[in-house]
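**Q** I am attaching a structure below and will ask some questions about it afterwards.
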There are 2 protein chains.
Amino acid sequence: MDATPGGESPTRPGEIVFGLVNATDLVKRLLVGRKLASAQLGETLLPKRIALPVFASDALSSVAYAPDEILLTLSLAGMAGFVFSPWIALAVAVVMLLVVLSYRQTVHAYPSGGGDYEVATVNLGPSAGLVVASALLVDYVLTVAVSVSSGVQNAKAMFPFLEGREGMVAAIVIVLLMTMNLRGVRESGSFFAIPTYGFMIGVLGMTAWGLFRFFGLGEHLSAPTAEYEVVGTITDFSGLAVVFLLARAFSSGCAALTGVEAISNGVPAFREPKSKNAATTLALLGGIAITMLGGIVALANLTGLKLIDETGGSHFAKDGVRVDLAHDTVMGQLARTIFDTFPVGFYFVIAMTMIILFLAANTAFNGFPVLGSILAKDGFLPKALHTRGDRLAYSNGILALATAAIALVLIYNASVTSLIQLYVVGVFVSFTVSQFGMMRHWTRHLKTEKDPKVRAHMIRSRMINAVGLTGTGLVLIIVLASKFIYGAYLAVLAMAAVFLLMRSIRRHYDKVAREVAVGPVDARMLPSRVRAVIMVQEVNKPTVRAVNFARATRASSIEAIMVAVDEAETRAIAAQWEAQELDVPLKVIASPYREVTGPFLNYIKGIRSDNPRDVVCVYIPEYVVGHWWEQILHNQTGFIVKTRLSFMQGVMVTSVPWQLASSKYAIDRVKRNTAAAWRRPGTGQVRMGDPRETSRTE
Amino acid sequence: MDATPGGESPTRPGEIVFGLVNATDLVKRLLVGRKLASAQLGETLLPKRIALPVFASDALSSVAYAPDEILLTLSLAGMAGFVFSPWIALAVAVVMLLVVLSYRQTVHAYPSGGGDYEVATVNLGPSAGLVVASALLVDYVLTVAVSVSSGVQNAKAMFPFLEGREGMVAAIVIVLLMTMNLRGVRESGSFFAIPTYGFMIGVLGMTAWGLFRFFGLGEHLSAPTAEYEVVGTITDFSGLAVVFLLARAFSSGCAALTGVEAISNGVPAFREPKSKNAATTLALLGGIAITMLGGIVALANLTGLKLIDETGGSHFAKDGVRVDLAHDTVMGQLARTIFDTFPVGFYFVIAMTMIILFLAANTAFNGFPVLGSILAKDGFLPKALHTRGDRLAYSNGILALATAAIALVLIYNASVTSLIQLYVVGVFVSFTVSQFGMMRHWTRHLKTEKDPKVRAHMIRSRMINAVGLTGTGLVLIIVLASKFIYGAYLAVLAMAAVFLLMRSIRRHYDKVAREVAVGPVDARMLPSRVRAVIMVQEVNKPTVRAVNFARATRASSIEAIMVAVDEAETRAIAAQWEAQELDVPLKVIASPYREVTGPFLNYIKGIRSDNPRDVVCVYIPEYVVGHWWEQILHNQTGFIVKTRLSFMQGVMVTSVPWQLASSKYAIDRVKRNTAAAWRRPGTGQVRMGDPRETSRTE
């Protein structure tokens, strides 16, 4: 449901705030208008208990697949590999701690919610910001692909018939998410709260109950895979191979850290004191994530749970004989083992795992267009994407994200293990650049800050960010080194491509801006007269309207021009023209070779060269239609003429629309779409109560 | 080279012929203008010796595959089948005779060159005309597919490595033809004359030389397949199976008749006396085609040439043992056999066969857009396709034709035998409907004609067309009955689909025409004032130009509107606006939710409801760019605003173009394309010397 209170919008869209008097006045009134709009926003701010699920679903959901990937990778060293799993989990927890501590600094320093992109741009320049943005855009795609794939893999414990159809099922889930987002389905806080708390309760409850059965009741529970051995591909345990393997397992486990940065984007949505509340929530998130990760790895070790990496070459065996065995995910095996006597618990854990993973994918559908909008504002993406509320911007972003993610799940058949090789790189690029930016931030502020107490605080913060930078930088190197040939190079290539594309777009905008820039007072020559020309193809209501509108403009001269393509037709039209008593002369232009565009353009060119100081205004009657296919049947000649005229200096083209009866379908469609856009969460970060709703309901 | 003489065009495109004085004057001056244009056309008319190759390449080229298809089909009855080949050829020749005689009547009755579509529309109504048009459109596609496939199959005799790659090679040939036609490569008379006469000389020379060697020198020549037996699938020679097989062989042989109607479309291109010359050429064409067909079948029988239908089930055998044998086409085998001691003859025949087949496909590329243009004029296809010279019309037609033909050759792997099952249906639908129309034509004229001599002539003509109707109608039934399940049903379905599509388009146009029709003098209310609104997003040269142009129109009120999306940006723009001293007030509209379109539209809606009798003119600065991708980066907001405004009554939108430096690329492209369009043969039927060339060269 929706917690948004009613209340009148202080500045309704379309209402004039002021006419221009002078710039100072403008600024003042703008600020007043802004202030009111912001005050209204305050009523939708999030308490911590709602902010946690809203911003944590992505980060927490990764706990569902990170242990799998650790164990899978370790299985390549056979039974000996699994011994390392607690240590890998510990290492991941340490990195998680570092990241959480670092981001608590960001949250205090940048309460505006600009996130890593803002931190990098402000402190390290636009190129660094663009690197972060490229990394994030690619990672959004991977978040969708990995989360949905993992959701489908986990769902197999509940729905075994999904086996062998994973890629297709994942693609269908993405299509559903896309449709939901395109139609602007409203998300309230409870939409996030229920599955996120459900997942937390499920996993923590399962851990507690499992540990109680082991240590309280003294039971010995065995996972379905406990009775098997695992044979790996690595036999030499002395060399670099094991180090490399551990590095890979650690890199894959670091997937648990994805999504932690979300809170730093959402600071403005918190209740006051915003930064403090956000920092507390961040700490809470870190604590819960580490506990869940630790609990799952502990249970996996206690129950003797094993996984294999089929593509990597490890396999199950019993008494030395190879066994082919389909196995569930870690979550599936644990839920089955620990809730062996309580099936409701099993279904609850699996269902919540699946839902939170799909929800995590959904947050990417919110974040991707928001980041796109910010990048568009800075000229790195088509500027039209900047303005919010326009369905176009969101639709294009959502479609692009869904298409890329669907391609990935189909190519990799929704294999989390394959996709994870591409993942994480982007997150750690963004972490590392952002930490470096934070260090610069503190250093800059320390230059001007005199208060010793504040300085001490800043120095401490810089220390934390330095440790964070070292940690995340190191992880980035480990991730790149250990995963590069396994797929990370593809992520790097994709980021480079996105980076170059965005930089070219910005360069283009800069070039055009220089080209069209005006001087302090641009010297200009006003055209002396306007010569109106009406393009006539038939005599009907649209043409008559064009004539009437053109006459209303009181141009210096006005004439209707028709190109004679067919003799009988021309004669009929001329007679109709006379009958209509339109008070505008109709000129017929010869076209011996039955062509319309050329002769018409030549005529306009003639007017221009005869009257170089005048401007020509060409009126073209246009049918407004309701269906795309009607567009093919109408306005084509007008469109070609318009396009060709636009290359001429001193010519403007006026479309005089005539609304056909069918146009009402298009109007209805626009209305529906606008309504859908209004229902869409405005900022993507503040996902509860859309402030715009108030101006709709009044 | 080109035979077009120079000379000044009497009415250059774009020149004004007259201002409107009254309708009578208009008609007179139009007629004068027309007369001159027609006189000029006269200089490019075709003598018979050029008209024959220009119009006959399609009809003659079908002699290259018709004998193959007759023999292939007969092979299903084994060795006994081939005995029937002379009789089938004779039956085809008789039908050819009937068709030629019938079309001689059409040529006299309809010297305008409207072809079967005109005959059917005038005499039987628009639906009959549409049936013919659908049949012809589908047949154009099949002409390309069959001719190119046969060209590739024949080329295999010369280039054996094409074996197994036929579909791909045929697709490449079609792409080449398409590109040639899209670029507007000029075809002169000699372009047709050389290969057509070359093919005639080759085939007739081969026949003469072959017959001389048999009967003059008494040699006994054996085709490469002469030593094999053919085992068919039909063993019972008493029943319906053989009758059905003969019907199928005849139907396939009737492919030899495709293209005969081309001359009736081209009458205006002949020298005076047009109809007589066209009729003579038609007779000539019929005589040559029958001679060539007879000669080839005779030689095939003499040399013991055999073909098998692999997909149908017949196969070669030697001494009762099955033999798998790749074999050439009839033309390939005959050329190899008869020119066994004269390889130059072999290569000449095969090369000419291949070229004339590709040329036949090329004529479809000319005919398809021309028919499309006529159909567009009658409202059965998008009206924009009507006007010639516009590259768009031809390009779309050529692309559609090529795409469909490529799909066919790839699906059927360029197998003439498979494609021929779909062919011929359309031609005979068109023949039959057209003959029926001719009978109606004579009956109608007989009602008013008194002169007994003319009446006698008409009665004779009607008799001929009646025989033609019976003959072609019978063939149509045989074709449909014998080929329906082998693929003809697909052609029928395609025709039905095309028919329904074209009828819906016409209905749509009729509906719209009724909707926008004006009365004798339509009562109207002139808008009292024009309120100019300039949409401002930035202050730069395009915006300044829009302001200057809007000011030049002297509207009743003028204001610049900007939607405040970003505070700092709005402030900067307002300051720039002041600095520019534009003498137009800038109003800033609040948009608390950072949306541009909605507030702007609401504002315009407000002006409209406050001033319902006025018309609003919205000026939008537009960037004119040179590349498609620049279009994505610019004008998008303006485009959305424009589209949404077009749904409002009483609002017109004026685009004020600003030409970016890059727009010169687009201008150059337009110039190149226009030049290419000028080079394109204008009418498609008159393929020699483009009359428009004169107005270019002056």
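The values are calculated or read from the model by the stated rules, or taken from the named source; none is laboratory data. Quantities reported herein were computed from a predicted structural model and do not represent experimental measurements. All Cβ positions, even for glycine, are placed from backbone atoms using ideal geometry, and neighbour counts span all protein chains on display.
**Q** Can you confirm whether region B:330-338 contains a residue that is in the same structural domain as B:Ala80 (by TED's automatic domain parsing), touching a residue at least 24 places away in the same chain (Cβ under 8 Å) and surrounded by fewer than 21 Cβ atoms within 10 Å (Cβ to Cβ)? If you could, list the steps in order and put the result at the bottom.
**A** Keep residues of region B:330-338 that are in the same structural domain as B:Ala80 (by TED's automatic domain parsing), which gives B:330-338.
From the residues that got through so far, the ones that are touching a residue at least 24 places away in the same chain (Cβ under 8 Å) too are B:330-338.
Subsequent filtering for residues that are surrounded by fewer than 21 Cβ atoms within 10 Å (Cβ to Cβ) retains B:336.
Within region B:330-338, one or more residues are in the same structural domain as B:Ala80 (by TED's automatic domain parsing), touching a residue at least 24 places away in the same chain (Cβ under 8 Å) and surrounded by fewer than 21 Cβ atoms within 10 Å (Cβ to Cβ).
**Q** Answer yes if at least one residue in region A:595-606 is more than 7 Å from every other protein chain (Cβ to nearest Cβ), in contact (Cβ under 8 Å) with a residue 24 or more places away in the chain and among the basic types (Lys, Arg), and no otherwise.
**A** So far as region A:595-606 goes, yes, one or more of its residues are more than 7 Å from every other protein chain (Cβ to nearest Cβ), in contact (Cβ under 8 Å) with a residue 24 or more places away in the chain and among the basic types (Lys, Arg).
**Q** Still on this structure, I have one more. Checking A:Pro681 against (1) more than 7 Å from chain B (Cβ to nearest Cβ); (2) at pLDDT 80 or above: exactly one of these is not met. Which one?
**A** It is condition (2) that A:Pro681 fails.
**Q** Can you pull out the residues in region B:541-573 that are surrounded by fewer than 22 Cβ atoms within 10 Å (Cβ to Cβ) and either in a loop (DSSP other than H, G, I, E, B) or not assigned by TED's automatic domain parsing to the domain that holds B:Ser591 (or both)?
**A** If the condition is that a residue be surrounded by fewer than 22 Cβ atoms within 10 Å (Cβ to Cβ) and either in a loop (DSSP other than H, G, I, E, B) or not assigned by TED's automatic domain parsing to the domain that holds B:Ser591 (or both), then B:Arg554, B:Ser556, B:Val565, B:Asp566 are the ones that fit.
**Q** Identify the residue in region A:607-623 that is β-branched (Val, Ile, Thr) and more than 9 Å from every other protein chain (Cβ to nearest Cβ) and, among all such residues, is surrounded by the fewest Cβ atoms within 10 Å (Cβ to Cβ).
**A** Ranking the qualifying residues of region A:607-623, first place goes to A:Ile607.
**Q** Give me the residue from region B:134-167 that is of a type in the set (A, V, I, L, M, F, W, C) and without any contact (Cβ under 8 Å) to a residue 60 or more places away in the chain and, out of that set, surrounded by the fewest Cβ atoms within 10 Å (Cβ to Cβ). Spell out how you get there, then give the answer.
**A** To start, the set of residues in region B:134-167 that are of a type in the set (A, V, I, L, M, F, W, C) comprises B:135-138, B:141-142, B:144-146, B:148, B:152, B:155, B:157-159, B:161-162.
With without any contact (Cβ under 8 Å) to a residue 60 or more places away in the chain added as a condition, the list becomes B:159, B:161-162.
Values: B:Phe159: 12, B:Phe161: 8, B:Leu162: 17.
This residue is B:Phe161.
**Q** Would you be able to say whether some residue in region B:442-460 is of a type outside the set (Ser, Thr, Tyr) and either crowded, with 21+ Cβ neighbours inside 10 Å or not assigned by TED's automatic domain parsing to the domain that holds B:Leu52 (or both)?
**A** yes
**Q** Just to be sure before I move on: is B:Ala278 assigned to a helix (DSSP H, G or I) and among the small types (Gly, Ala, Ser) in the structure I sent?
**A** Values: assigned to a helix (DSSP H, G or I): yes; among the small types (Gly, Ala, Ser): yes.
Answer is yes for this residue.
**Q** If you don't mind, another one. Assess whether B:Ala91 counts as being more than 25 Å from the chain's Cα centre (by Cα), in the same structural domain as B:Leu474 (by TED's automatic domain parsing) and within 30 Å of B:Asn301 (Cα to Cα). First the steps, then the outcome.
**A** Working: more than 25 Å from the chain's Cα centre (by Cα): yes; in the same structural domain as B:Leu474 (by TED's automatic domain parsing): yes; within 30 Å of B:Asn301 (Cα to Cα): yes.
In short, yes.
**Q** Take A:Glu43 and decide whether it is under 30 Å from A:Ile201 (Cα atoms) and at pLDDT below 90.
**A** Taking the combined requirement at face value, the residue satisfies it.
**Q** Within region B:303-325, can one find any residue that is closer than 17 Å to B:Ser252 by Cβ, crowded, with 20+ Cβ neighbours inside 10 Å and either out of contact with any helix residue (DSSP H, G or I) (no Cβ under 9 Å at 6 or more places or on another chain) or of a type in the set (S, T, N, Q) (or both)?
**A** Within region B:303-325, one or more residues are closer than 17 Å to B:Ser252 by Cβ, crowded, with 20+ Cβ neighbours inside 10 Å and either out of contact with any helix residue (DSSP H, G or I) (no Cβ under 9 Å at 6 or more places or on another chain) or of a type in the set (S, T, N, Q) (or both).
**Q** From the residues in region B:624-657 that are at pLDDT 85 or above, surrounded by 21 or more Cβ atoms within 10 Å (Cβ to Cβ) and within 7 Å of another protein chain (Cβ to nearest Cβ), which one is nearest to the chain's Cα centre (by Cα)?
**A** B:Val624
**Q** Then there's this: From the list B:Thr543, B:Thr553, exactly one residue is within 8 Å of another protein chain (Cβ to nearest Cβ) and either under 30 Å from A:Arg551 (Cβ atoms) or at pLDDT 85 or above (or both). Which is it?
**A** Values: B:Thr543 fails: within 8 Å of another protein chain (Cβ to nearest Cβ).
On inspection, the qualifying residue turns out to be B:Thr553.
**Q** Give me the residue from region B:563-573 that is farther than 19 Å from A:Ala517 by Cα and more than 7 Å from chain A (Cβ to nearest Cβ) and, out of that set, modelled with the lowest pLDDT. Walk me through it before giving the result.
**A** Going residue by residue through region B:563-573, those that are farther than 19 Å from A:Ala517 by Cα are B:563-567.
Then drop every residue that is not more than 7 Å from chain A (Cβ to nearest Cβ), which leaves B:563, B:566.
Details: B:Val563: 89, B:Asp566: 77.
Among them, the one singled out is B:Asp566.
**Q** Quick check on my filter: what residues within region B:64-101 are out of contact with any Ser or Thr (no Cβ under 9 Å at 6 or more places or on another chain), assigned to a helix (DSSP H, G or I) and at pLDDT below 90?
**A** Of everything in region B:64-101, those that are out of contact with any Ser or Thr (no Cβ under 9 Å at 6 or more places or on another chain), assigned to a helix (DSSP H, G or I) and at pLDDT below 90 turn out to be B:Met79, B:Ala80.
**Q** A further question follows. For region A:53-63: of the residues being modelled with pLDDT of 85 or more and not polar (S, T, N, Q), which is farthest from A:Gly367 (Cα to Cα)?
**A** That would be A:Val63.
**Q** So which residues in region B:238-266 are of a type in the set (A, V, I, L, M) and crowded, with 24+ Cβ neighbours inside 10 Å?
**A** At the first step, the residues of region B:238-266 found to be of a type in the set (A, V, I, L, M) are B:240-243, B:245-247, B:249, B:255-257, B:260, B:262-263.
Scanning region B:238-266 gives B:Ala249, B:Ala255, B:Ala256, B:Leu257, B:Val260, B:Ile263.
**Q** Pick out the one residue from A:Ile288, A:Ile263 that is at pLDDT 90 or above, part of a helix (DSSP H, G or I) and β-branched (Val, Ile, Thr). Walk me through it before giving the result.
**A** Values: A:Ile263 fails: at pLDDT 90 or above.
Step by step, each of A:Ile288, A:Ile263 is checked, and only A:Ile288 is at pLDDT 90 or above, part of a helix (DSSP H, G or I) and β-branched (Val, Ile, Thr).
**Q** Give region A:574-585 a look and list any residue that's part of a helix (DSSP H, G or I) and either buried (at least 21 other Cβ atoms within 10 Å of the Cβ) or facing chain B (nearest Cβ under 7 Å) (or both), or say none. First the steps, then the outcome.
**A** Keep residues of region A:574-585 that are part of a helix (DSSP H, G or I), which gives A:574-580.
Within region A:574-585, A:Ala574, A:Ala575, A:Trp577, A:Glu578, A:Ala579, A:Gln580 qualify.
**Q** Only one of (1) closer than 25 Å to B:His386 by Cα; (2) surrounded by fewer than 22 Cβ atoms within 10 Å (Cβ to Cβ); (3) within 7 Å of another protein chain (Cβ to nearest Cβ) fails for A:Val588. Which number is that?
**A** Going through (1) closer than 25 Å to B:His386 by Cα; (2) surrounded by fewer than 22 Cβ atoms within 10 Å (Cβ to Cβ); (3) within 7 Å of another protein chain (Cβ to nearest Cβ) one by one, A:Val588 breaks only (2).
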